[in-house]
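Okay, so here's the structure we're looking at.
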């Protein structure tokens with residue numbers, strides 16, 4: 001993951017993929033539209049073989065475009081399937097265990113919800129990024145914690161560790177998060193559910209980001 005001055009997109013897959021090979025074409029369209037710096041494979045309530053197959057379909061086109069490909073929750077499968085790293089939540093494998101398993105060169109990001117304490121702990125431990133949220137209601141995940149854009153401002157003034165904003169983010173509502181210093185916007189439904197397709201969604205996000213920073 002690069003540390004550009006401009007906010008980049010952190011693209012998360014839908015929680016279920018009926019046909020990952022077909023979905024790979026949608027992913028390519030999104031990536032080729034530009035603006036994505038990382039892809040996270042996030043599948044819920046499926047067995048390990050389904051995750052492995054999805055990784056085998058989606059990792060190559062992502063890495064071929066020099067974009068990081070990380071696994072949600074599972075450092076063991078991230079290592080097995082050749083991912084660039086893993087994203088761990090507060091109820092998943094610990095940062096320490098993930099780092100030991102994947103090594104110093106891997107990306108390890110940590111969910112910190114709306115907690116400054118958790119973010120500081122993760123940053124001091126060596127996390128490559130911290131994720132704050134949810135900022136808005138999400139169609140793909142139950143929102144248990146509401147975060148304020150102010151936490152992004154505080155974090156960017158406190159440290160150089162990148163931060164990811166997550167939770168119901170769209171081109172319409174992303175402005176305050178960009179203005180508050182989010183390095184990355186985690187996006188899901190606003191991309192895969194866009195009526196004109198993922199490439200159009202990418203264009204909408206890039207326009208919204210540029211309008212905010214200009």
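The residue list 170, 159 contains one member that is surrounded by fewer than 16 Cβ atoms within 10 Å (Cβ to Cβ) and either at pLDDT 95 or above or under 28 Å from residue 102 (Cα atoms) (or both), which is 159. The residues listed here are 150, 121; of these, the one that is over 14 Å from the mean Cα position of the chain (by Cα), more than 20 Å from residue 97 (Cβ to Cβ) and modelled with pLDDT of 95 or more is 150. When 189, 214 are checked against the criterion of being out of contact with any strand residue (DSSP E or B) (no Cβ under 9 Å at 6 or more places or on another chain) and either surrounded by 18 or more Cβ atoms within 10 Å (Cβ to Cβ) or closer than 14 Å to residue 134 by Cβ (or both), 189 stands alone in meeting it.
Of all the listed residues (56, 45, 18, 92), the sole one being without any contact (Cβ under 8 Å) to a residue 60 or more places away in the chain and closer than 25 Å to residue 162 by Cα is 92. Of all the listed residues (46, 36), the sole one being modelled with pLDDT of 95 or more and more than 17 Å from the chain's Cα centre (by Cα) is 46. Within segment 42-64, the set of residues being part of a loop (DSSP other than H, G, I, E, B) and loosely packed, with under 15 Cβ neighbours inside 10 Å comprises 44, 45, 46, 47. Looking at 2, 6 in this structure, which one is surrounded by fewer than 22 Cβ atoms within 10 Å (Cβ to Cβ), out of contact with any strand residue (DSSP E or B) (no Cβ under 9 Å at 6 or more places or on another chain) and at pLDDT below 95? Criteria check complete, one pass: 6. Taking the stated definitions as given, is residue 97 assigned to a helix (DSSP H, G or I) and either surrounded by fewer than 23 Cβ atoms within 10 Å (Cβ to Cβ) or over 17 Å from the mean Cα position of the chain (by Cα) (or both)? Yes. Residue 82 meets all of the listed conditions (1) outside any loop (DSSP other than H, G, I, E, B); (2) in contact with a strand residue (DSSP E or B) (Cβ under 9 Å, 6 or more places away or on another chain); (3) more than 23 Å from residue 189 (Cβ to Cβ) but one, namely (1).
The values are calculated or read from the model by the stated rules, or taken from the named source; none is laboratory data. This one's a predicted model, so the numbers in the text were calculated from it and none came from an experiment. Every residue, glycine among them, receives a Cβ derived from its backbone with ideal geometry; neighbour counts consider all protein chains shown.
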